[in-house]
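To start, the structure under review is shown below, and the notes come after it.
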Amino acid sequence: MPGEKTIRSAMSAIVEAMRAGYGVHKVDPQTLPDSGHDPSFIERAAPVLEFLYGKYFRVRSVDIENVPADGPALLVANHSGGLPYDGAMLIYSVFRDHPAPRHLRTLVANFAFRSPWMSNVVARIGGVRASTETAMPLLSSGNLVGVFPEGLKGVGKMFRERYRLSRFGRGGFVRLARQANVPIIPVAIVGAEEIHPLLGKITSLAEPLGIPYIPITPTFPLLGPFGLLPVPTKWTIRFGQPIRVPPLNGDPEADVTATTAEQVRHTIDAMIADLLAQRRSIIFG
């Protein structure tokens, strides 16, 4: 059937990207132009992303018009889920649902680029190594850049800690927004916290696999590979009003940075609380 062929073609594009990290002629995306980003990859992988976004997680985007139609901005989101589905769904949301579809370049932890099977997939869809050196040229060129300040602490939160925001680091994203003179768009993602209810983590066996830890959930490793299937929760991604980093006005930079980082964190926290108050069911929304 045509639909099956389309899904098959999308899976082929993803598998080809995964295989590019192996063998004699393996590809290091960091040595490629634009860090290995392939603007056409999201279109080729769209049938798989659309299945996850539209059918499996049934994602609803709210206030996406707060993301500028052109020019640079820094999207700052909460992070969760055990595995980084939220990053992929955020990228696809901006591409799929925005009135002026845009490519979002996300800052990704180093472990993703040490993993042969993951590095080229991440790079082709728009991920770059998380650093000011990689982010600044993207913002200077007018790109949207996404950042998850909770980092691995966020994606690795235990189920009992769901929707409790971890610290937003040292406010590096605020310094980045100030240096690039771009607005910060706070983003709240609700639904991802429950897809892999994390009960524990194994770190000693994870490094050979190129991942930070092996998750222990109610279904994994009990059900083997099938236990890695995410729970089909219903998601909402809400985009907040832009926040501008205020001028220093003689105040210490560290104080202004910390205050702004806390403002962004509080805004995301309030949006999450509001979405949770409206939600009647984890599965049905």
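Read-outs throughout are calculated quantities, based only on the coordinates presented, and are distinct from any laboratory measurement. Note that the structure is predicted; figures quoted are calculated from it, not measured. Note: ideal-geometry Cβ built from the backbone for every residue, glycine included; neighbour counts use all protein chains shown.
Kirkwood's formula applied to the C-alpha pairs of the range 47-165 gives a hydrodynamic radius of 15.0 angstrom. The Rg/Rh ratio of the range 17-106, with both radii computed over alpha carbons and Rh defined as the Kirkwood radius, is 0.99. Bridging of Lys157 to aspartates and glutamates at a Cα separation below 12 Å is possible for Glu193, Glu194, once same-chain residues fewer than 8 apart are set aside. Quick one: compute the contact order of the chain, relative version, from alpha carbon pairs under 8 angstrom and 6+ residues apart, as a percent. Relative contact order for the chain comes out at 23 percent.
Less than 5 angstrom separates the built amide H of Arg105 from those of Leu144, Val145, Gly146, all sequence-distant by 5 or more or on a different chain. Return the tail of the calculated pair distribution for the chain, meaning the percent of Cα-Cα pairs more than 36 Å apart. Tail of P(r) above 36 Å: 12 percent of Cα pairs. The rule of thumb for compact globular proteins, 2.2 N^0.38 Å, goes into the C-alpha radius of gyration of the range 54-118 1.22 times. If R0 is taken as 51 Å, the Cβ-Cβ distance between Asn249 and Ala100 corresponds to a FRET efficiency of 0.90.
Ranked by the mean number of other Cβ atoms within 10 Å of their residues, highest first, the peptides 74-84, 91-101, 166-176 come out as 74-84, 166-176, 91-101. In this label model, Ile202 and Gln179 are separated by 4.0 nm, measuring between points 7 Å along each Cα→Cβ vector.
With both labels modelled 7 Å from their Cα along Cα-to-Cβ, the Arg279 to Glu50 distance reads 2.7 nm. Between the residues Gly240, Thr219, Ala188, the greatest Cα displacement towards the positive end of the dipole of the range 181-285, with unit charges on the Cβ of Lys, Arg, Asp and Glu, is found for Thr219. Calculated mean residue ellipticity, 222 nm, the chain: -10500 deg cm²/dmol, from DSSP H runs (n ≥ 4) at -39500 (n - 2.57) each, averaged per residue and rounded to 500.
Shown here for the range 212-285: trypsin sites (Lys or Arg not before Pro) in loop regions (DSSP other than H, G, I, E, B) with at most 15 other Cβ atoms within 10 Å, namely Arg244, Arg279, Arg280. May I ask for the percentage of alpha-carbon pairs in the range 189-285 that lie more than 20 Å from each other? I get 59 percent for the Cα pairs in the range 189-285 exceeding 20 Å.
In the range 127-181, the inverse of the mean reciprocal separation of distinct Cα atoms equals 12.5 Å; this is its Kirkwood hydrodynamic radius.
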